[in-house]
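What follows is a short report on a single structure.
The values are calculated or read from the model by the stated rules, or taken from the named source; none is laboratory data. Small disclaimer: the values here were computed from a predicted structure and weren't measured. Note: ideal-geometry Cβ built from the backbone for every residue, glycine included; neighbour counts use all protein chains shown.
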Amino acid sequence: MASSMSKSSEAAKPFDIVATYNELLRSDPDLTMPIAAIEALVLLLTHSPSSTISETLDLLEKSTAHLKKSIPNPIGLSAGTDLFQRYLITTLQRPGQLGPAGDFNAIRAHLLSNGRLFIRRAKESRHKIAAFGGGFVRDGSTVLTNGGSRVVASLLQKAADEKGGPSAVRFRVIYVLSPAKDTSAEPEGMETVRALRAKGVPVATIPESAVAYSLGKTDIVIVGAEGVVENGGIVSRMGTYQIGLLAKAMGKPFYAVAESHKFVRLYPLGQYDLPIEQRVIDFNTEEDITDGHKPQSVAHSSDVVDFTPPHLISALITDSGVLTPSAVSEELIKIWF
Amino acid sequence: MPSTSVALTPGLASFLKSLKTNPIDTSIDNLISLLKRRQIHHSRSCATATAYLLLRVISACRTTDAAKLIERVQSVGRRLVAAQPREMVVGNIVRRVLGLIRDEAEDDREADFNLSEAGSESQPQTPRALDDPSESMYGRFEGSDRSSSRPPLSQPAPISMFSLLSHPEPELSLPGTPISASPSGRLLGHAPSKDIRAEVLEGVNEIIDELGQVDDQIAAYALDHIHSNEIILTHTSSTTVQKFLLKAAAKRKFTVIHAESYPNNHEATHATISGNSTGDDEILSTESFQKPLIALGITVILIPDSAVFALMSRVNKVILGTHSVLANGGLIASAGTRVIARAAKVHQTPVVVVSGVYKLSPVYPFDFDSLIEYGDASKVISYEDGDLVDQIDVQNPLYDYVPAELIDLYITNLGGHAPSYLYRIVSDHYRKEDISF
């Protein structure tokens with residue numbers, strides 16, 4: 001087996017889970033954070049010859065804690081690590097071939113040998129979501145979306161395909177773009193805009209400040225999410241919350257699209273209750289002109305997130321169907337209790 | 001042509017009568033044309049007619065193969081739904097019957113599996129008998145089917161979130177291929193089962209019983225919700241609402257403000273209040289004769305629909321009937337309901353919707369407009385008014401879509417639920433693979 005070979009060759013240098021995680025995310029732009037975390041943990045198991053259950057669980061716990069500490073925003077990631085840990089424990093507790101009666105090595109082998117499969121499934125769940133979500137994009141409707149969510153992109157592209165290609169496009173997209181971190185790079189989401197335009201979908205790009213102005217011409221709002229929290233709210237890129245508030249105020253349906261592996265066990269009570277530190281509001285008494293005109297640690301909208309509470313969300317489009325926000329807690333309860 | 005029962009006015013009663021004598025295909029055509037002509041149009045009548053028809057279809061379908069039975073019911077169901085897509089209860093009943101067949105087939109197969117397991121321990125029947133238990137959790141369409149394809153080990157409910165990590169799929173269904181072709185066919189196909197039809201027929205009869213009892217079951221909750229000296233506002237002549245009010249009226253004194261729902265339902269509404277109810281062919285059982293509300297000493301105030309907002313400030317509670325309830329907690333009810341719900345929201349008056357579970361549809365309302373049906377324009381302006389009819393466009397929408405946030409509580413025969421909880425009842429009643437049959 002390949003894993004045993006790589007084990008011997010790399011035994012010398014200690015396995016760095018943080019580097020692995022970052023490398024995974026970098027190497028595959030299609031990878032989501034939870035999946036990268038699961039992959040990193042699988043690789044960790046490959047590299048550590050633990051053979052007992054408690055040893056493995058202990059190792060996982062320690063590495064997870066380390067990984068979470070080293071990443072500025074571990075919300076999306078923790079969905080993956082939690083899911084992995086629960087899966088392991090649940091499978092071990094369950095009677096059956098992989099349970100305590102069976103061989104621990106069997107489940108280990110299953111996990112190790114199927115790393116690629118998990119990634120593939122995660123990507124496929126996007127197609128599934130796109131299939132469910134297709135019904136939301138109606139003929140003649142205008143969709144407002146934001147950010148660089150891959151799920152939203154695949155949903156819209158699928159809808160564009162269904163409507164019969166360039167000749168018979170019947171929906172339009174208003175894409176909210178936030179400026180890129182450095183001015184030279186193009187804003188996140190441009191790729192989707194281009195892909196949609198190539199399919200003949202008329203796309204308008206607007207800055208975040210024009211959302212309220214544009215909502216009058218919008219029929220539905222579809223956004224992606226980094227994590228879906230227990231009360232059914234979503235943690236998503238900065239700016240989503242205000243779109244949600246505005247959509248509610250204008251009476252437009254607001255749909256969040258997320259794979260079910262992004263459900264995370266977190267119950268934020270408000271914006272400032274997320275377990276991460278974001279220096280978005282940074283009070284100063286002095287003019288901030290220290291280095292250039294770039295204030296240090298500026299909270300940039302592609303790095304920082306906000307929390308959209310469940311009452312703003314009409315429905316969550318997930319790979320297990322179209323859920324109301326309150327259904328999320330049930331899914332989470334199923335894996336934890 | 002189907003109608004051999006010309007003596008009766010076509011409707012539910014004549015349909016049920018003819019069902020016994022007519023050949024099955026004639027009956028199907030008959031119901032389709034009745035639905036198309038809107039000669040059966042109440043939710044419950046449609047549900048009852050569908051249930052009785054499916055009862056006939058199943059008993060006439062001489063097969064022991066569950067897959068064939070499902071196919072037959074599906075094809076009949078598709079035709080009925082196509083005949084009147086806005087009558088969502090028809091689809092609901094078909095889905096429930098399909099669910100019944102699947103359940104029975106699986107029970108059957110499970111028992112079968114146990115037997116063979118006991119017989120030959122070492123030799124699994126299918127490759128999947130060896131699979132990881134959680135393997136079945138992959139795939140939304142498959143979850144429930146699969147879980148019973150292996151010996152029952154008293155496992156917890158399938159956990160869809162684990163779908164990502166579970167075992168790879170063997171052979172045919174690569175995770176990538178869309179699994180729209182439900183595997184149940186394969187699964188149920190080779191079950192060398194006994195005749196499951198008897199059990200399915202029993203189940204369909206239970207559904208029919210449920211349709212008969214639903215109003216009384218809902219009415220049992222009336223005393224929890226209607227208190228002494230309250231002022232209740234209601235709308236249309238829904239029998240569910242009437243029974244609900246009558247039940248409370250037996251114990252309590254309260255006032256009912258009844259919006260008359262002109263022009264589609266005002267006559268029936270007047271009748272339910274005054275008791276001059278003419279023979280309503282839609283009501284099946286003979287004992288469903290309504291005592292008028294006033295006979296029980298309730299003060300009833302009949303108002304035109306336009307006065308709803310003005311009176312809302314005095315109202316303690318709004319109780320509404322509905323045409324169908326959708327999976328997101330919204331509902332389709334007779335025109336005018338949304339105005340009432342809106343007015344209630346403005347005055348912070350609780351809105352309670354009474355509805356049988358059979359009206360709860362797993363359909364997600366992607367496009368609200370398509371769910372609204374338009375009716376006879378002559379009810380607004382009669383055609384005798386020729387001059388006027390020539391010059392103006394008269395529309396008479398029969399239904400309203402009421403979004404979930406305007407509703408505070410649903411009372412079904414299972415109890416009271418918040419709108420956000422309805423998805424749960426949907427998943428309890430319908431199987432995922434049947435949602436788009």
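Miscellaneous remarks
- Contact map, the stretch A:129-155: first residue at the interface with chain B (Cβ under 9 Å from one of its Cβ atoms), second residue part of a strand (DSSP E or B) and among the hydroxyl-bearing types (S, T, Y), Cβ cut-off under 7 Å, separation 6 or more or different chains; pairs are A:F136/A:Y255.
- Tabulated pairs, the stretch B:387-402, first free of Cβ contacts under 8 Å to residues at least 24 places away in the same chain, second among the polar types (S, T, N, Q), C-beta under 9 angstrom, 6+ apart or interchain: B:V389/B:S378; B:V389/B:S382; B:V394/B:S378
- Among (1) in contact with a Phe, Trp or Tyr (Cβ under 7 Å, 6 or more places away or on another chain); (2) farther than 19 Å from B:A198 by Cα - the single one B:L98 does not satisfy: (2)
- Test set (1) buried (at least 17 other Cβ atoms within 10 Å of the Cβ); (2) modelled with pLDDT of 85 or more; (3) aliphatic (A, V, I, L, M) - B:L12 fails condition number: (2)
To keep it simple, each residue is scored yes or no on (1) assigned to a loop (DSSP other than H, G, I, E, B); (2) in contact with a His (Cβ under 8 Å, 6 or more places away or on another chain); (3) surrounded by 20 or more Cβ atoms within 10 Å (Cβ to Cβ).
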position	(1), (2), (3)
B:D29	no, no, no
B:H41	yes, no, yes
B:A47	no, no, yes
B:L53	no, no, yes
B:T63	yes, no, no
B:S75	no, no, no
B:R79	no, no, no
B:A82	no, no, no
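- Some residue of the stretch B:307-328 being touching a residue at least 40 places away in the same chain (Cβ under 8 Å), in a helix (DSSP H, G or I) and among the small types (G, A, S): yes
- Any chance B:S334 is assigned by TED's automatic domain parsing to the domain that holds B:T234 and closer than 19 Å to B:H266 by Cβ: yes
- When B:R338 is tested against (1) in contact with an Asp or Glu (Cβ under 6 Å, 6 or more places away or on another chain); (2) assigned to a loop (DSSP other than H, G, I, E, B), exactly one condition is not met: (2).
- Within the stretch B:200-218, none of the residues are assigned to a loop (DSSP other than H, G, I, E, B) and either modelled with pLDDT of 85 or more or among the β-branched types (V, I, T) (or both).
- All positions within the stretch B:208-248 that are buried (at least 21 other Cβ atoms within 10 Å of the Cβ) and over 18 Å from B:L320 (Cβ atoms): B:L211
- For beta carbons closer than 7 Å, sequence separation of 6+ or different chains, a first residue in the stretch A:66-95 that is more than 9 Å from chain B (Cβ to nearest Cβ) and closer than 19 Å to A:E277 by Cβ and a second that is of a type in the set (F, W, Y) and part of a helix (DSSP H, G or I), the qualifying pairs are A:L67/A:Y21.
- Set A:S260, A:S209, A:S214: member being buried (at least 20 other Cβ atoms within 10 Å of the Cβ), polar (S, T, N, Q), assigned by TED's automatic domain parsing to the domain that holds A:T318 and out of contact with any Cys (no Cβ under 8 Å at 6 or more places or on another chain): A:S260
- A:R265 being within 14 Å of chain B (Cβ to nearest Cβ), within 20 Å of A:G80 (Cβ to Cβ) and of a type in the set (D, E, K, R): yes
- Extreme residue, nearest to the other protein chains (Cβ to nearest Cβ), among residues of the stretch B:394-423 that are in a helix (DSSP H, G or I) and within 15 Å of the chain's Cα centre (by Cα): B:Y423
- Every condition in (1) in contact with a helix residue (DSSP H, G or I) (Cβ under 8 Å, 6 or more places away or on another chain); (2) within 14 Å of chain A (Cβ to nearest Cβ); (3) closer than 27 Å to B:D305 by Cα holds for B:S361 except the one numbered (3).
- Answer residue from the stretch A:109-123, given it is among the charged types (D, E, K, R) and modelled with pLDDT of 75 or more and is surrounded by the fewest Cβ atoms within 10 Å (Cβ to Cβ) among those: A:R120
Okay, residues lined up against (1) small (G, A, S); (2) in a loop (DSSP other than H, G, I, E, B); (3) within 16 Å of B:L233 (Cα to Cα):
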{"residue": "B:K345", "(1), (2), (3)": "no, no, yes"}
{"residue": "B:V353", "(1), (2), (3)": "no, no, yes"}
{"residue": "B:Y358", "(1), (2), (3)": "no, no, no"}
{"residue": "B:F366", "(1), (2), (3)": "no, yes, no"}
{"residue": "B:S370", "(1), (2), (3)": "yes, no, no"}
{"residue": "B:S382", "(1), (2), (3)": "yes, yes, no"}
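- Yes/no for B:V426 being of a type in the set (V, I, T) and touching a Phe, Trp or Tyr at 6+ places or on another chain (Cβ under 9 Å): no
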